[in-house]
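Okay, structure first, notes after.
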Amino acid sequence: MRVHILGIAGTFMAGIAVLAKEAGFEVVGADVNVYPPMSTMLESYGIPFFNEYRVEDIDLNVDYVIVGNVISRGNPAMEYVLDQRLPYISGPSFLFQHILQKRHVLAVAGTHGKTTTTSLLTWILAYAGKNPGFLIGGVPENFGVSARIGADPYFVIEADEYDSAFFDKRSKFIHYHPKTLILNNLEFDHADIFPHLDAIKQQFHYLVRTVPRNGVIIQNAHDRHLKEVLEKGVWSNVVTFGDGGEWRAALLEADGSHFSVFHQEKCLGNVRWDLLGMHNVENALAAIAASTYADVLPQTALEALPLFKNVKRRLEVKGVIGGVTVYDDFAHHPTAIEKTLSGLRAKIGSSRIVVVLEFGSYTMRTGVHKHALKEALVSADVVVCKRPSWDLESVFQTFSQSTALFDNVEEIVGYLGQGLYPGDHVVVMSNSGFEGIHQKLLGTLRALTQPSPTDKFAIFDE
């Protein structure tokens, strides 16, 4: 069977492409603004794709056109599909019908931490000798790909609340029918889809309704919005994690790199790993709890964690030049920004953190969370932003640290290149490719003489 995927280079749809190919489909697709790591993953699987949406690239004999949620009416390829009455389907619906329907689905939902928790759970199962299928909204380093069909019975999936397609406005996760469901947290996001938090809660309630009686919901114990969702009705066993939960942790290092794990107040052991922050410790707790429902012993899960390699673009070190460390991080919601930076601050102590922020998501691009930025960026010493369409200057006036606004990446790189000291940590935060700013900055740093405290590069100083 042959499928043509519209929007093939998104993290979710690229995973669909890989799974469809492994399931025996002939796969081709189209997208625009294609960049790594998804472009390289598609190429590694020999999946061809076009860099524009053209009607002549669509085979009239295609069995399915799989439509990504970036596709809207007016897209020339989609209009052609409709005019020719070709069979089309959303990515989540295709996934359930052809991959998930007979599997034990372990789904990870929540505003933050989905990708890391899904990767952790998948790695624990693999370490335990399982061969889980998975679909993750990023590329976990332990696997090198974002999706794999695996073998029965287990399939681990990042369960996104974003809509399925222009013709199906239900959240993607409604299609997955999990038997084991992790609910990490719940905040307002995706302002282009949801008018308010209650609308997101309703979708989460619909998700809870799909979990069978013999399934389990693993819930963050101290998230009040999740509690409100479950108060609407729950028909499955509920297990809690985090402060006050059945599964909890005690930090042995403030940065979250060393911690003890408890189940029902019994200490199961200690973990030392490379990840930072209490948020990642809680991600680990959720993954450990979920893995027990896939017949993995907790001790085995604890053994797996030190060998876990984080997902690309999660505080990923892109290079160290002249003593300056440059990170790439996907955080774009204020809560995720705050947790990531606080974890790094606990690790590096008083060294300077320079945050370079792009407002890429619709919610941030339109300034929905602008009043939360001051608190989110409290751990930063310097904040540099690409100018959004809303008035960021007035927000910056409330900041105590140095701030700077620029219209393009070249200006940002030039500014940073002349203002960094050895020992600085530059955290680039964006959910887009950000025009390759990481490599541009590293290239600029490489071309400069190694700075020292006596050089006149301290343009960030007040």
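Quick look at the numbers
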{"quantity": "Test: residue in region 172-194 that is open to solvent by 30 Å² or more (accessible area, probe 1.4 Å), out of contact with any Ser or Thr (no Cβ under 8 Å at 6 or more places or on another chain) and not in a loop (DSSP other than H, G, I, E, B)", "calculated": "no"}
{"quantity": "Hits in region 400-417 - residues which are assigned to a loop (DSSP other than H, G, I, E, B) and either surrounded by fewer than 16 Cβ atoms within 10 Å (Cβ to Cβ) or among the aliphatic types (A, V, I, L, M) (or both)", "calculated": "Ser400, Asp407, Asn408"}
{"quantity": "Unique match (being modelled with pLDDT of 85 or more and closer than 22 Å to Thr118 by Cα) among Leu377, Leu341", "calculated": "Leu341"}
{"quantity": "Breaking point among (1) open to solvent by 40 Å² or more (accessible area, probe 1.4 Å); (2) of a type in the set (Val, Ile, Thr); (3) more than 25 Å from Lys130 (Cα to Cα), for Thr292", "calculated": "(3)"}
{"quantity": "Single match in Ala159, Ala147, Ala165 (criterion: surrounded by 19 or more Cβ atoms within 10 Å (Cβ to Cβ), closer than 20 Å to Val67 by Cα and in contact with a Phe, Trp or Tyr (Cβ under 6 Å, 6 or more places away or on another chain))", "calculated": "Ala159"}
{"quantity": "In region 171-213, the residues that are of a type in the set (A, V, I, L, M) and without any contact (Cβ under 8 Å) to a residue 24 or more places away in the chain", "calculated": "Ala199"}
{"quantity": "Among the residues listed as Ile58, Ile149, the single one being within 15 Å of Met13 (Cα to Cα), modelled with pLDDT of 95 or more and not charged (D, E, K, R)", "calculated": "Ile149"}
{"quantity": "Hits in region 236-256 - residues which are outside any strand (DSSP E or B) and of a type in the set (Ser, Thr, Tyr)", "calculated": "Ser236"}
{"quantity": "Residue ranges of helices (runs of 4 or more DSSP H) in region 1-116 with at least 2 members over 28 Å from Arg314 (Cα atoms) and out of contact with any Asp or Glu (no Cβ under 8 Å at 6 or more places or on another chain)", "calculated": "76-83"}
{"quantity": "Complete set of residues in region 298-307 that are touching a Ser or Thr at 6+ places or on another chain (Cβ under 9 Å) and surrounded by fewer than 23 Cβ atoms within 10 Å (Cβ to Cβ)", "calculated": "Pro298, Thr300"}
{"quantity": "Residue count for region 265-280, restricted to those that are at pLDDT 95 or above and either touching a Gly at 6+ places or on another chain (Cβ under 7 Å) or assigned to a loop (DSSP other than H, G, I, E, B) (or both)", "calculated": "0"}
{"quantity": "Among (1) open to solvent by 40 Å² or more (accessible area, probe 1.4 Å); (2) within 29 Å of Pro36 (Cβ to Cβ); (3) in contact (Cβ under 8 Å) with a residue 12 or more places away in the chain, the one test that Val317 misses", "calculated": "(3)"}
{"quantity": "Failed item in (1) among the hydroxyl-bearing types (Ser, Thr, Tyr); (2) open to solvent by less than 20 Å² (accessible area, probe 1.4 Å); (3) more than 19 Å from Ile353 (Cβ to Cβ), with Ser394 passing the rest", "calculated": "(2)"}
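To keep it simple, each residue is scored yes or no on (1) small (Gly, Ala, Ser); (2) at negative phi.
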{"position": "His279", "(1), (2)": "no, yes"}
{"position": "Leu285", "(1), (2)": "no, yes"}
{"position": "Tyr293", "(1), (2)": "no, yes"}
{"position": "Leu297", "(1), (2)": "no, yes"}
{"position": "Ala304", "(1), (2)": "yes, yes"}
{"position": "Phe308", "(1), (2)": "no, yes"}
{"position": "Gly322", "(1), (2)": "yes, no"}
{"position": "His333", "(1), (2)": "no, yes"}
{"position": "Ser342", "(1), (2)": "yes, yes"}
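The values are calculated or read from the model by the stated rules, or taken from the named source; none is laboratory data. These numbers were taken from a predicted model, which means no experiment stands behind them. Glycine gets a Cβ as well: all are built from the backbone with ideal geometry, and neighbour counts include every protein chain shown. Keep in mind that these areas ignore ligands, DNA and RNA; they rest on the heavy atoms of the full protein, side chains included. Shrake-Rupley method; radii C 1.70, N 1.55, O 1.52, S 1.80 Å.
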